[in-house]
1. Considering segment 12-58 alone, what residues qualify as being polar (S, T, N, Q) and under 14 Å from residue 84 (Cα atoms)?
2. Only one residue in 91, 72 is modelled with pLDDT under 95, within 22 Å of residue 124 (Cα to Cα) and basic (Lys, Arg), so which one is that?
3. Considering each residue of segment 125-160, count those that are part of a loop (DSSP other than H, G, I, E, B), more than 16 Å from the chain's Cα centre (by Cα) and modelled with pLDDT of 95 or more, and give that number.
4. Restricting attention to segment 67-92, and to residues there that are among the small types (Gly, Ala, Ser) and in contact with a strand residue (DSSP E or B) (Cβ under 8 Å, 6 or more places away or on another chain), which single residue is nearest to residue 157 (Cα to Cα)?
5. Does at least one position in segment 44-55 carry a residue that is modelled with pLDDT of 95 or more and among the β-branched types (Val, Ile, Thr)?
6. Counting only residues that are in a loop (DSSP other than H, G, I, E, B) and more than 15 Å from the chain's Cα centre (by Cα), how many does segment 12-33 have?
7. For segment 108-124, how many residues are under 21 Å from residue 74 (Cα atoms) and in a helix (DSSP H, G or I)?
Amino acid sequence: MIRNAVESDLSAIVTIYNHAIAAHTITADIEPVTVESRLDWFHSYSSRYPLWVLERDNAIAGWLGLKMYYGRAAYQSTAEFSLYVAPEFQRQRVGQTLLSYAIGQAPKLEINTLIAVVFAENQPSVTLLKKFGFEQWGYLPQVARSWGMDHDVILLGLKV
């Protein structure tokens, strides 16, 4: 079941995100976050740019959030999204289900372009996005530095 996230989901969302931080190739954050530190982030989501969770076996298996790309009015029909899956639910189509849902909901939200910003070495994410028709629209060499390494970033986009 996919639904809008509620504040009581934030602990599970943070736990999933902290697993991604520990992986070193999924997100640009380098320190674990807390529920308290993510409250403003959580409340920044809206009906136009929602945060969804996928529940499976009475647990939050993954989440996907949409944000207006670049934060300026001309980009309001373009959303950047974040997608994270709990380790115990990886390779169980959670990411595919959330991404498919987001693509299906985008027109109802008046979003016609989806953007993903991905570390180039994060091949599982790149593969998933390309499976759904995302194309590489940009390549930023060594723009992120974490854990003593420089990371290339790929911008992938899809016209919905």
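1. Scanning segment 12-58 gives 15, 18, 25, 27.
2. 91
3. 2
4. 79
5. Yes.
6. Number of matching residues: 5.
7. Within segment 108-124, residues that are under 21 Å from residue 74 (Cα atoms) and in a helix (DSSP H, G or I) number 2.
To keep it simple, each residue is scored yes or no on (1) in contact with a Gly (Cβ under 8 Å, 6 or more places away or on another chain); (2) under 26 Å from residue 144 (Cβ atoms).
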site	(1), (2)
17	no, yes
44	no, yes
54	yes, no
62	yes, yes
69	no, yes
81	yes, yes
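The values are calculated or read from the model by the stated rules, or taken from the named source; none is laboratory data. All figures in this text were calculated on a predicted structure; none of them were measured in a lab. Cβ sites come from the backbone with ideal geometry, for glycine too, and all protein chains shown count toward neighbours.
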